[in-house]
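Below is the structure I would like to discuss, written out as structure tokens.
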2 protein chains.
Amino acid sequence: MEKKLTRDTVFYAFSPNLEPAMRVEQGEEFVLETHDCFSGQLKSEDDLLDVLDWDRVNPATGPVYIEGVEPEDVLRVDILKLRVVGHSTMVTVPNEGVLGDCISEMETAVLEYKEDKVVFRDKISIPMNPMIGVIGIAPAEGKVPNGEPAAHGGNMDCTLITEGASVYFTARVPGALFGCGDFHAVMGDGEIVICGAESPGEVRLRAQVIPELKGLPTPFIETPDLFAAVTSAGSLDLAGSGATHNMADFLTNFASLPINDAGLLMSLVGQLKVCQVVDPQKTARFEFPKWVLDEYGFSMPE
Amino acid sequence: MEKKLTRDTVFYAFSPNLEPAMRVEQGEEFVLETHDCFSGQLKSEDDLLDVLDWDRVNPATGPVYIEGVEPEDVLRVDILKLRVVGHSTMVTVPNEGVLGDCISEMETAVLEYKEDKVVFRDKISIPMNPMIGVIGIAPAEGKVPNGEPAAHGGNMDCTLITEGASVYFTARVPGALFGCGDFHAVMGDGEIVICGAESPGEVRLRAQVIPELKGLPTPFIETPDLFAAVTSAGSLDLAGSGATHNMADFLTNFASLPINDAGLLMSLVGQLKVCQVVDPQKTARFEFPKWVLDEYGFSMPE
């Protein structure tokens with residue numbers, strides 16, 4: 001019997017006090033259906049953002065208790081299959097987002113899917129790149145609303161978090177209490193009007209503790225081609241510095257590069273990138289290509 | 001007779017008071033040889049950065065007076081051919097760059113070229129992507145050292161500025177007084193240890209006023225695939241906001257998109273990216289794909 005949660009099983013803040021909605025073994029596949037970030041409240045272009053119940057924004061499906069996970073364990077979560085369903089919704093909101101000062105008209109746009117494209121204004125067909133906006137685990141204490149990104153993950157809005165990627169977290173409570181939601185059919189780095197193509201969806205996942213990675217600076221992402229350190233902070237400058245330092249930590253302490261090699265190579269082939277700039281906590285990532293670490297004889301413990 | 005300046009004809013600050021080193025017609029091709037950013041002072045791995053005469057850092061070759069260019073004209077500079085020569089030099093400097101707090105040993109690394117690769121530590125062969133770090137024109141007044149990026153261009157360290165790209169500037173003085181230097185054989189976005197693969201080189205250029213683009217927010221870049229607005233400011237947050245606003249200005253005032261279309265599409269398929277975070281003035285760019293504007297029937301005036 002497949003382990004699955006429907007999009008009726010959601011929470012709105014990551015917290016150690018949540019009751020697990022499902023328990024899975026390490027290495028066991030499970031499926032989460034997710035709502036869009038508006039919990040499906042905007043049903044047509046006539047529903048503007050001012051009708052929204054803000055208590056039901058950014059739902060994450062879960063939490064999932066992963067058996068045998070203990071605090072300080074580094075957990076790898078594999079995104080095995082990711083698809084969006086239905087259609088996407090976008091909004092413009094005066095005074096919100098980077099262009100809030102330019103936008104005067106509140107609008108809801110519905111974007112239908114045609115094959116592998118997202119259709120904007122019946123005019124522009126954009127290749128899909130489904131990704132997960134909110135993904136994380138419980139912090140050690142307190143309550144982090146799903147709209148916020150932090151060390152536990154959350155609303156990182158990182159375009160690398162897509163099918164075939166793995167995300168590493170450091171568990172803070174037994175079972176980790178994992179959840180995700182806020183899928184985007186496509187989104188650009190920055191998410192500058194506060195939304196991507198907001199979509200319900202379904203994701204197949206698997207989670208596993210990797211003992212050799214204890215101490216890894218997390219959140220950390222692995223794709224088929226690269227590693228990325230992700231950091232959120234009160235300014236993009238601080239987030240960028242944090243992500244850069246976390247990548248240097250990984251390269252020196254886990255891939256065993258001398259610090260000068262790490263720094264010079266990060267300047268040559270590493271990429272400091274923006275995830276999102278529309279939450280009070282901005283998110284940046286530092287990407288480093290795997291092929292360079294292959295040459296140093298490093299491969300990630302599995 | 002080809003118009004050409006050798007790397008002996010350099011300046012260290014963009015200023016309206018510079019004497020033109022060469023005059024070219026609009027549309028006329030010309031060639032600039034450039035030094036590396038250290039003016040070739042670091043000749044081997046034994047020459048550490050502490051031997052450097054800092055008055056001779058970041059030379060730009062020029063200035064070139066472009067006939068018929070008047071203040072407020074928007075000038076398109078085409079990078080027709082770009083090659084690096086010799087070898088590259090890199091440095092690590094304690095307390096400089098994003099990882100300055102981690103780097104304790106000053107080092108100079110020489111990177112030889114093998115075919116189309118830059119070789120690091122005789123171990124890692126990195127595909128070349130030659131680009132121009134310092135490129136600009138005279139500001140209206142004052143003197144901007146070449147190490148600084150600003151509205152006139154300068155040390156933007158933007159990885160898009162490579163062969164086949166065009167850079168748009170707004171002239172502030174007659175003839176514009178163009179110059180460039182600080183080539184990198186390859187560099188990652190961020191340039192986090194303060195240098196890329198610093199290389200001498202040679203570039204073939206052509207410049208032309210585009211009357212229809214008067215008022216374009218500059219610096220602005222065009223590649224075969226995308227447009228990019230580039231902004232420098234005291235923080236990455238401000239630079240990112242500036243670049244985002246400049247792209248919205250371009251999309252609404254030049255490509256004639258409604259502001260809501262511009263904002264939503266920028267959030268869907270636009271990319272806010274980092275150029276460099278190692279000057280006191282940080283540089284960001286906002287990229288927008290050309291194919292979307294093709295669908296709106298827009299093409300850039302030539």
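The values are calculated or read from the model by the stated rules, or taken from the named source; none is laboratory data. Keep in mind that this is a model prediction, so the values were computed, not measured. Glycine also receives a Cβ, built like all others from the backbone with ideal geometry; neighbour counts cover every protein chain displayed. Each accessible area value is taken on the protein alone, full model and side chains, heavy atoms only, with ligands, DNA and RNA left out. Shrake-Rupley method; radii C 1.70, N 1.55, O 1.52, S 1.80 Å.
Which entries of A:Lys273/B:Lys282; B:Lys114/B:Lys282; A:Lys214/A:Lys290 show an alpha-carbon separation above 24 angstrom in the structure shown?
B:Lys114/B:Lys282
While we're looking at this one, here's another question. Along its principal axes, what span do the Cα atoms of the protein assembly as shown show, with the longest given first and each in whole Å?
79, 56, 36
Another question, if that's okay. How much net charge surrounds A:Leu264 when only the other residues with a Cβ under 10 Å from the Cβ of A:Leu264 are counted, with Lys and Arg +1 and Asp and Glu -1?
-1
Under the √(5λ) rule applied to the eigenvalues of the Cα gyration tensor, what semi-axes describe the equivalent ellipsoid of the range A:134-274? Give them in Å, descending.
24, 19, 15
Okay, helix-only estimate at 222 nm for the protein assembly as shown: each DSSP H run of n ≥ 4 adds -39500 (n - 2.57), divide by all residues, round to 500 deg cm²/dmol; what do you get?
The helix-only estimate for the protein assembly as shown comes to -3500 deg cm²/dmol at 222 nm.
Report the trypsin sites (Lys or Arg not before Pro) located in the range B:1-90 that are in a DSSP loop and have at most 14 other Cβ atoms inside 10 Å of their Cβ, or state none.
B:Lys43
Another one. What residues in the range B:221-263 lose 50 Å² or more of accessible surface when the other protein chains are added to their chain alone (1.4 Å probe)?
B:Leu236, B:Asp237, B:His245, B:Ile259, B:Asn260
Place the label 7 angstrom along Cα→C-beta at A:Lys214 and in each other copy, then list the distances from the first to the rest in nm, shortest first.
Its label point is 7.0 nm from the equivalent points in the other copies.
So what is the diffusion coefficient of chain A in µm² per second by Stokes-Einstein at 37 °C and 0.692 mPa s, using a Kirkwood Rh over Cα pairs?
169
Stretch A:Glu112-A:Glu28 to full length: gain in nm at 0.36 nm per residue minus the Cα-Cα span?
The A:Glu112-A:Glu28 span can extend by a further 26.9 nm.
Now a separate question. Taking the rotation axis that maps chain B onto chain A, which residue of B brings its Cβ closest to that axis, and at what distance in whole Å?
Taking the axis that maps B onto A, the answer comes out as B:Leu236, 2.
Need one number: buried accessible surface between chains B and A, 1.4 Å probe, both sides summed, DNA, RNA and ligands left out, in Å² to 100.
Using a 1.4 Å probe, the pair buries roughly 4700 Å².
At 1.4 Å probe size, with every protein chain present, just tell me what the per residue accessible area of the protein assembly as shown comes to in Å².
Result: 36 Å² of accessible area for each residue.
Could you pull the accessible area for B:Met131 with a 1.4 Å probe, rounded to 10 Å²?
Here the accessible area works out near 0 Å².
Looking only at other chains, what is the average number of their beta-carbon atoms within 10 angstrom of each beta-carbon in B:183-190?
Counting Cβ atoms of other protein chains within 10 Å of each residue's Cβ and averaging gives 5.
Put +1 on the Cβ of every Lys and Arg and -1 on every Asp and Glu Cβ in chain A; which of A:Ser15, A:Leu160, A:Ile66 then has its Cα farthest towards the positive end of the dipole?
It is A:Ile66.
Report, in whole Å, the centroid distance computed from the Cα atoms of the range A:20-52 and the range B:32-58.
Using only Cα atoms, the two centres lie 56 Å from each other.
With a cut-off of at most 15 other beta carbons within 10 Å, and DSSP calling the residue loop, which GluC sites (Glu not before Pro) in the range B:33-105 qualify? Please list them.
B:Glu45, B:Glu67, B:Glu72, B:Glu105
Near the amide H of B:Leu52, under 5 Å away, which other amide H atoms are found, from residues 5 or more places off or on another chain, if H is placed in the peptide plane?
none
Something else now. Consider just the alpha-carbon atoms of the range B:157-225 and return their Rg together with their Dmax, both in angstrom.
13.8, 40
Evaluate the relative contact order of the range B:132-257 (contact order divided by residue number), counting alpha-carbon pairs under 8 angstrom at least 6 apart; express in whole percent.
24
Here is a further query. How many angstrom lie between the Cα centre of the range B:142-178 and the Cα centre of the range B:182-235?
The distance from the Cα centre of the range B:142-178 to that of the range B:182-235 comes to 7 Å.
Then there is this: When you look at the Cβ of every residue in B:94-107, what mean number of other chain Cβ atoms sits within 10 Å?
4
Hey, what angle do you get for helix B:236-253 against the long axis of chain B, alpha-carbon based, 0 to 90 degrees rounded to 10?
30
For label points placed 7 Å from Cα toward Cβ, what is the shortest-first list of nm distances from B:Glu141 to its copies?
Inter-copy label distances (nm, one decimal, shortest first): 5.8.
Suppose accessible area is computed on protein heavy atoms with a 1.4 Å probe; arrange B:His152, A:His87 from highest to lowest.
A:His87, B:His152
With angles folded into 0 to 90 degrees, how steeply does helix B:259-269 sit against the dominant principal axis of chain B? Use alpha carbons for both and round to 10.
40
Over the range A:258-302, how many percent of alpha carbon pairs lie in each 5 Å bin up to the one with the longest distance?
5, 18, 20, 21, 14, 12, 8, 2
Between copies, how far apart are the B:Glu28 label points? List them in nm, one decimal, shortest first, with each point 7 Å from Cα toward Cβ, please?
Here the equivalent label points are 7.8 nm apart from this one.
Within 10 Å of each Cβ of B:109-119, how many other protein chain Cβ atoms are there on average?
1
A further question follows. Tell me, rounded to the nearest percent, the portion of alpha carbon pairs in the range B:1-113 spaced more than 22 Å apart.
I get 48 percent for the Cα pairs in the range B:1-113 exceeding 22 Å.
Here is a follow-up. How long is the range B:7-50 along each principal axis, judged by its Cα atoms, biggest number first, in Å?
Rounded to whole Å, the extents work out to 44, 24, 13 Å.
Next question. Highest mean first, what order results for B:263-271, B:139-147 on Cβ atoms within 10 Å?
B:263-271, B:139-147
Measure off, as a whole percent, the carbon and sulfur share of the 1.4 Å-probe accessible area of the range A:78-206, all protein chains present.
Result for the range A:78-206: 45 percent of the exposed heavy-atom area is carbon or sulfur.
Considering the alpha-carbon set of the range A:208-302 alone, what are its Rg and its Dmax in angstrom?
Cα only, the range A:208-302: 13.1, 40 Å (Rg, Dmax).
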